[in-house]
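In what follows, a single structure is set out as structure tokens and then discussed.
The values are calculated or read from the model by the stated rules, or taken from the named source; none is laboratory data. A quick note: this is a predicted structure, and the numbers were derived from the prediction, not measured. Don't worry about glycine lacking a Cβ; one is built from the backbone with ideal geometry, like all the others, and counts go over all protein chains shown.
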Amino acid sequence: MSLAKVYTRAQVGISAPEVTVEVHLSNGLPAFHIVGLPETSVKEARERVRSALTNSKFLFPEQRITVNLAPADLPKEGGRYDLAIAVGILVASNQLQAFQSHDYEFYGELTLSGEVHSVHAILPAVLAAEKAQRCCYIPQGNDQVASLAQHCNRKAVSSLQSLWLDLQGQDALPLNMQYPAVKTHSISSHLDMSEVKGQSAAKRVLEIAAAGGHNTLFLGPPGTGKSMLAQRMPSIMPTLLNNEALETAAIYSLIGKAIDIENWRNRPFRSPHHTCSAVALVGGSSNPKPGEISLAHNGVLFLDELPEFV
């Protein structure tokens, strides 16, 4: 067939809208066009995919290739679409057959040699794929983090060749690879409230705030222990529930921050300096990223010298 359709997902904040990758091969002078509001990093996929297919011993069609990333009004950026585009070309050129594309989603950036590299924000994508009841082919470097979404079907891919062998039924990749069990009650890296002697009234206030999820305002002269107590608040808070931990991990994955599998249920503690910009605090910029307020989700946001933030 000269027309193929495969699925992947974009990154828009903590959501992962579905993107349909349509590949059409037609007669005419050899060309490779990508449409659907791609940014420069997506347009450069033409050269990455071409070299990856060639170096993986596949035939690159000497035809007019048109790749449509739908919906067309959704901006596309990054190398996360490389693997889906390559699979679409293989299907359209009949190098990949007996393949039910509507059951799978593909994520990964291709190297020139055909290896599959990790991408950012994999957790929101696999969580959305879980709701769509699709199996995900994801880079091997993302698989351990993706395993936190326990009900998502996934396969870790190291190269384009290994993906082809699996889809053709020649050398199956392991489904839902298991990793050593993570600790449900890990040791916090923050200071412990048990180290504080005295301050019974202040500690009582923090206990009530931690139990009820309340905001707390400490007033007093320098040196009375306000910052010391605030920095120890995470030690008296319960570990994150599974849904809370997934929400927090998904937010951190947007900025490319590595998730510590051993301590991923610890509540985050963010302490921005009062000289930070408004964008750093609340998020934003031309390519929206979460700020300190979002990064403290389900945890503690400590604003030392609060009036200075105004």
message: Return the pair list, or none, for Cβ contacts closer than 9 Å from residues in the stretch 212-227 that are without any contact (Cβ under 8 Å) to a residue 12 or more places away in the chain to residues that are among the basic types (Lys, Arg), at least 6 apart or on different chains.
response: 219/226; 220/226
- prompt: If you scan the stretch 39-95, which residues turn out to be part of a helix (DSSP H, G or I), touching a Gly at 6+ places or on another chain (Cβ under 6 Å) and among the polar types (S, T, N, Q)?
  reply: 41, 55
- prompt: Given the structure, is residue 76 among the charged types (D, E, K, R), in contact (Cβ under 8 Å) with a residue 40 or more places away in the chain and farther than 30 Å from residue 286 by Cα?
  reply: no
- request: Please go through the stretch 240-299 and pick out each residue that is β-branched (Val, Ile, Thr) and at pLDDT 85 or above.
  value: 248, 251, 275, 279, 282, 293
message: With the requirement that a residue be touching a residue at least 40 places away in the same chain (Cβ under 8 Å) and on the phi < 0 side of the Ramachandran plot, what does the stretch 48-61 give you?
response: 48, 49, 51, 52, 53, 55, 56, 58
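Table: residues versus (1) outside the structural domain of residue 19 (by TED's automatic domain parsing); (2) β-branched (Val, Ile, Thr); (3) closer than 23 Å to residue 18 by Cβ; (4) loosely packed, with under 15 Cβ neighbours inside 10 Å.
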{"position": "55", "(1), (2), (3), (4)": "no, no, no, no"}
{"position": "63", "(1), (2), (3), (4)": "no, no, no, no"}
{"position": "67", "(1), (2), (3), (4)": "no, yes, yes, no"}
{"position": "77", "(1), (2), (3), (4)": "no, no, yes, no"}
{"position": "84", "(1), (2), (3), (4)": "no, no, yes, no"}
{"position": "91", "(1), (2), (3), (4)": "no, yes, yes, no"}
{"position": "97", "(1), (2), (3), (4)": "no, no, no, yes"}
{"position": "111", "(1), (2), (3), (4)": "no, yes, no, no"}
- request: Filter the stretch 292-309 down to residues that are under 20 Å from residue 248 (Cα atoms) and either among the basic types (Lys, Arg) or in a helix (DSSP H, G or I) (or both), then give me how many there are.
  value: 4
query: What residue, of 4, 98, is in a strand (DSSP E or B) and more than 30 Å from residue 294 (Cα to Cα)?
result: 4
message: Which numbered condition in (1) under 27 Å from the mean Cα position of the chain (by Cα); (2) assigned to a loop (DSSP other than H, G, I, E, B) is the only one that residue 216 fails?
response: (1)
- prompt: Restricting the search to the stretch 134-168, which residues are more than 18 Å from residue 84 (Cα to Cα) and in a loop (DSSP other than H, G, I, E, B)?
  reply: 147, 148, 149, 150, 151, 152
- prompt: In the stretch 193-252, which residue that is closer than 28 Å to residue 290 by Cβ and basic (Lys, Arg) is surrounded by the fewest Cβ atoms within 10 Å (Cβ to Cβ)?
  reply: 226
Candidates 41, 101, 118, 93, filtered to the one that is closer than 30 Å to residue 14 by Cβ, in contact with a Pro (Cβ under 6 Å, 6 or more places away or on another chain) and not aliphatic (A, V, I, L, M): 118
message: Considering only the stretch 281-291, I want to know if a residue exists there that is in contact (Cβ under 8 Å) with a residue 60 or more places away in the chain, on the phi < 0 side of the Ramachandran plot and assigned to a helix (DSSP H, G or I).
response: no
task: Hey, can you tell me all the residues within the stretch 229-243 that are outside any loop (DSSP other than H, G, I, E, B) and either outside the structural domain of residue 301 (by TED's automatic domain parsing) or farther than 14 Å from residue 300 by Cα (or both)?
output: 242, 243
task: Give me a count of the residues in the stretch 275-300 that are aliphatic (A, V, I, L, M) and either surrounded by fewer than 18 Cβ atoms within 10 Å (Cβ to Cβ) or in contact with a Leu (Cβ under 6 Å, 6 or more places away or on another chain) (or both).
output: 5
